[in-house]
1. Shape verdict for segment 3-121, please, from the Cα gyration tensor: rounded (a/c under 1.5), prolate (a/b greater than b/c) or oblate.
2. Would you please classify the overall shape of segment 234-387 from the alpha carbon gyration tensor, given that a ≥ b ≥ c denote the square roots of the eigenvalues, rounded means a/c under 1.5, and beyond that prolate means a/b larger than b/c while oblate covers the rest?
3. Identify which of ALA297, ALA86, ALA34 has the largest mean-square fluctuation in a Gaussian network model of the chain, with springs joining Cα atoms closer than 10 Å.
4. Only Lys, Arg, Asp and Glu count, each charged at its Cβ (+1, +1, -1, -1), so figure out the dipole size of segment 3-121 about its Cα centre, rounded to 20 debye.
5. Given contacts defined as C-alpha pairs under 8 Å and at least six residues apart, what's the relative contact order of the chain, whole-number percent?
6. Might you report the magnitude of the Cβ-based charge dipole of the chain about its Cα centre, with Lys and Arg at +1 and Asp and Glu at -1, to the nearest 20 debye?
7. Among PHE275, PHE285, CYS340, whose Cα projects farthest towards the positive end of the dipole of the chain, with charges put on the beta-carbon of Lys, Arg (+1) and Asp, Glu (-1)?
8. State whether the chain is rounded, prolate or oblate according to the following rule on the C-alpha gyration tensor (a ≥ b ≥ c being the square roots of its eigenvalues): a/c under 1.5 gives rounded; otherwise a/b larger than b/c gives prolate, and the remaining case gives oblate.
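We did not get these values from a lab; they are worked out from the coordinates using the rules stated. Just so we're clear, the structure is a prediction, and the values are computed from it rather than from any experiment. Cβ: placed from backbone, ideal geometry, glycine included. Neighbour counts: every protein chain shown.
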Amino acid sequence: MFDFMMTDEQKRLRDEARAFTKWVPKQLILDMDAEKVQFPREYLQEAGTRNLLGIRLPREYGGRGLTWVDDAIVAEEIGVASYSLACLWGVGADIVCEAVIEFGCEELKQQVVVPLLKGETFAAEGLTEPRGGSDFFGAATVAKKDGDDWIITGQKRFIVGAEGADWFLVYAVTDPAAPAHKRMTAFMVPRTSGVETRYIYGLMGVRGGGAGRLILKDVRVPERYALGGINGGFEVFKRMMIPERLGTAAMTIGSVRPAVEIATRYTSKRKAFGFPIQMFQAVGFKVADCAMLLDSARSMVYTTCRAVDSGTVHPGRVRRMVSQSKKYVTEAAWEIANKCMQVVGGIGYTNVYPLERIVRDIRLSMIWVGSNEIMQLIIQNEWYKEYFKTLSKEDIRDVESDALNAHEDEEKVYE
Ligand SMILES: Cc1cc2nc3c(=O)[nH]c(=O)nc-3n(C[C@H](O)[C@H](O)[C@H](O)COP(=O)(O)OP(=O)(O)OC[C@H]3O[C@@H](n4cnc5c(N)ncnc54)[C@H](O)[C@@H]3O)c2cc1C
């Protein structure tokens, strides 16, 4: 985030997050990338000990009770050490715990949120299924009522942290006959009888974060574990789109930032044809573009955080801004990571520099928490709605009628 926009308190918070990121052992990052570590429990424990989990969540449950702007400041710094660690940092505390705080009963808040924010337990989010992740309403996982309980059966895949999770936020169909937005329920499922996880994916990047298959076979959960009530899953899903996507945008900035720093240092020292390569515009301009993209990504995230924090911006507009941030930042990050590798040349493609890991890690950002095509879909829907409902009704100059031949109505053919 921009230091000149931070209060002194926010700078202190940023520095706390930076100190935590400096604490992360290099060996842990290497072991996760080599998949010698499949779930870095000690990382989450340390984050909890430092009270760096649940930045926006209420203090009474162990959070910091701060804003989205504060959260993004921390998320950027968390992203710096490793994208995989940042994913874990975000999924449990920022996503699942927010769902429990907003939609869960007191018992769940005490059982899930309080220990998780201390770093003692972990919770994963299970939305994507083998048959597809983009089509949320097409879920095949079902829950059937049995007395006061629900019995859940189904499978979820690519679940970050599945390997180490004690709790799973799982969406299941509870009323197949109902319209799409009223048929799903979000259940909190403890790791109990019938819950199995499999660490089976050979991931390109973001390794060691426990991403696995979640298999639920006749898993019994009490009805009070349904967040937002039975058939209230869509409301939970809608709300979770904010931490999933805005959180991803913020941490992605941090994960790609070191690439720009490495490329800047390298190109100022490396010589070719007798000059530091920074002097060749083909090189220096690429680094300049990276700096510009990084700052524009920050601007977008910061503005969106302010919109969410205000609580006054229309939910449709928030949805559009959050989706724009996710799409723009992750695509900017991909361009940055590749440009940085390009200017470092052959050695950038080796593990002498971490650029190759950053490129592999960052690639996920355009796919997960809703692919960028789905972001585009939301942006398109919300933009047209917003334009015709509000923007088109504002009392502003009608520039369309400024054209010389604007009066030629018979030339304005639409069908
Ligand atoms: C490492 C990793 C970690 C993940 N972590 C989690 C997690 O913790 N929890 C979780 O629930 N999920 C997780 N995911 C899943 C991720 O969110 C999904 O992979 C993603 O949403 C896309 O779903 P899909 O893979 O089923 O692709 P599909 O939904 O099959 O889509 C395939 C392609 O079609 C495009 N497409 C689909 N529908 C449309 C449409 N209507 N318009 C335009 N294009 C469309 C998509 O954009 C994509 O390019 C993770 C994935 C990975 C790889």
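1. Values: a/c = 2.12, a/b = 1.12, b/c = 1.89.
Taking the square roots of the gyration eigenvalues as a ≥ b ≥ c, segment 3-121 is oblate.
2. Details: a/c = 2.98, a/b = 2.36, b/c = 1.27.
Prolate.
3. Top of the fluctuation ranking is ALA34.
4. Details: 14 positive and 21 negative charges, 58 e Å.
Computed about the Cα centre, the dipole is about 280 debye.
5. Working: 736 pairs, mean separation 63.8, N = 415.
Computed over the chain, the figure is 15 percent.
6. Numbers: 53 positive and 56 negative charges, 290 e Å.
The calculated dipole for the chain is roughly 1400 debye.
7. Toward the positive end, the furthest listed residue is PHE275.
8. Numbers: a/c = 1.75, a/b = 1.13, b/c = 1.55.
Oblate, because a/c is 1.5 or more while a/b does not exceed b/c.
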